[in-house]
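Shown next, in structure tokens, is the structure this report addresses.
Rule-based calculations on the coordinates, nothing more; no lab input. This one's a predicted model, so the numbers in the text were calculated from it and none came from an experiment. A quick note on method: Cβ atoms are made from the backbone with ideal geometry, for glycine too, and the neighbour counts reach across all protein chains shown.
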Amino acid sequence: MRRVLTGFSIFALTVVFLGGGFSSAGEVYAAEINSKLNISGYEETSVARAEETVWYYRLQNGVTEKRLWSITRRVWLTDWMPA
């Protein structure tokens, strides 16, 4: 009896893993989920965003100067100029 159960278990696992009748229902379900979620493949999407900037001011030799800083890229966009 033990040999029969072991043989049947091995047969059932072989059928499932080698693409027998049991796995086709799983494949259909996975395809349905992929189509609903649109994850069939890797799709790179880019979102256009406005660059965030801020003006910095300083008083240099009695002259007020300003300089533009990019928060998005973390770089100065201008040199110091009179305000």
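Just to verify a result, which residue in the stretch 44-59, among those that are of a type outside the set (D, E) and surrounded by 10 or more Cβ atoms within 10 Å (Cβ to Cβ), is nearest to T72 (Cα to Cα)? First the steps, then the outcome.
To start, the set of residues in the stretch 44-59 that are of a type outside the set (D, E) comprises 45-50, 53-59.
Among the residues that remain, those that are also surrounded by 10 or more Cβ atoms within 10 Å (Cβ to Cβ) are: 53, 55-58.
Working: T53: 7, W55: 13, Y56: 15, Y57: 19, R58: 22 Å.
For the stretch 44-59, the residue satisfying everything is T53.
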Scan the stretch 62-80 residue by residue and report those that are part of a strand (DSSP E or B) and within 21 Å of R49 (Cα to Cα). L68, W69, S70, V75, W76
